[in-house]
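What follows is a short report on a single structure.
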Amino acid sequence: MDLLTRHDEIIALARQQERVLVDDLAHHFGVSVQTIRKDLNELCEKRLLKRVHGGAIIPSGVENLEYEARRDMAAHEKEAIGRAAAALIPNHCALFINIGTTTEAVSRALLDHLGLMVITNNINVANRMRIYPEFEVVIAGGVVRGSDGGIVGEATVDFIEQFKLDYAVIGASALDEDGALLDFDFREVKVAQAIIANARHVILVADATKFERAAPVRIARIDQIDTFITDTCPSNRFRALCANAGVTLLETA
């Protein structure tokens with residue numbers, strides 16, 4: 001494989017997987033780790049990638065990954081986060097579940113609960129939970145995004161604001177060290193803000209890769225969250241913000 005073809009494939013893998021690792025790429029292409037490091041350095045010099053510990057990521061902060069690729073990324077970590085979140089939610093309560101692959105993992109972990117009322121703007125969550133007769137599933141109205149089955153827009157915000165529920169489970173596309181929760185679609189952010197405002201206990205679920213990403217639209221601050229569940233929190237500054245704001249930080253790793 002020539003150099004330009006390998007560079008193109010590295011970029012394609014980074015877009016699909018959210019980040020690429022030096023050791024994995026060396027094995028994938030059958031070349032040395034020194035060769036891959038040189039490739040990544042050249043791609044980063046051209047601003048096609050951004051170096052992170054052990055590998056590289058796509059630097060763009062204005063474009064989200066394809067939904068299926070995001071679902072596969074950190075899948076085991078998301079499942080563990082989902083189980084930890086479900087353990088906090090009692091039977092016979094009402095909750096919001098927002099858009100996202102990690103919030104979907106929470107919905108899967110909730111399937112052995114009883115008597116839940118679930119309000120969601122996530123078609124995937126509604127479709128999974130609707131077949132269980134012990135759940136009452138209410139789906140929001142609004143514009144359906146073809147990319148991920150998320151329901152967004154002003155009609156969705158108006159719908160959410162009719163409720164005041166016990167819990168909310170939300171995700172974020174990126175977490176900034178200053179405590180900002182970030183996303184890509186301002187319409188989705190408006191819905192997430194309505195969910196936060198209308199829940200008594202807000203649970204943020206996000207794996208550690210969200211600290212390596214950037215997104216342009218602010219959802220909220222970490223001090224607006226009650227519990228943050230992640231596999232591991234790599235930022236001491238973010239950890240301190242949680243402690244100072246009284247946010248319970250749960251790490252599953």
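The values are calculated or read from the model by the stated rules, or taken from the named source; none is laboratory data. Not measured: the values here are computed from a predicted model. As a convention, Cβ positions derive from the backbone with ideal geometry for all residues, glycine included, and neighbour counts pool all protein chains shown. Note: accessible area is taken over every heavy atom of the protein model, side chains too, but ligands, DNA and RNA are not part of it. Shrake-Rupley method; radii C 1.70, N 1.55, O 1.52, S 1.80 Å.
Collect the residues in the stretch 35-53 that are open to solvent by less than 60 Å² (accessible area, probe 1.4 Å), at pLDDT 90 or above and either part of a strand (DSSP E or B) or of a type outside the set (D, E, K, R) (or both), keeping them in residue-number order.
35, 36, 40
For the stretch 215-241, give me each residue that is under 12 Å from the mean Cα position of the chain (by Cα) and among the small types (Gly, Ala, Ser).
Passing the criteria: only 215.
Okay, residues lined up against (1) free of Cβ contacts under 8 Å to residues at least 12 places away in the same chain; (2) in contact with a Leu (Cβ under 8 Å, 6 or more places away or on another chain); (3) surrounded by 21 or more Cβ atoms within 10 Å (Cβ to Cβ):
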residue	(1), (2), (3)
180	no, no, no
184	no, no, no
189	no, no, yes
194	no, no, yes
202	no, no, yes
205	no, no, yes
210	no, yes, yes
214	no, yes, no
219	no, yes, yes
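Can you tell me which residue in the stretch 20-34 is nearest to residue 8 (Cα to Cα), limited to those that are open to solvent by 50 Å² or more (accessible area, probe 1.4 Å) and of a type outside the set (Gly, Ala, Ser)?
Filtering the stretch 20-34 for residues that are open to solvent by 50 Å² or more (accessible area, probe 1.4 Å) and of a type outside the set (Gly, Ala, Ser), the one nearest to residue 8 (Cα to Cα) comes out as 28.
Residue 12 fails exactly one of the following numbered conditions: (1) in contact (Cβ under 8 Å) with a residue 12 or more places away in the chain; (2) assigned to a helix (DSSP H, G or I); (3) among the aliphatic types (A, V, I, L, M). What is the number of that condition?
For residue 12, the exception is condition (1).
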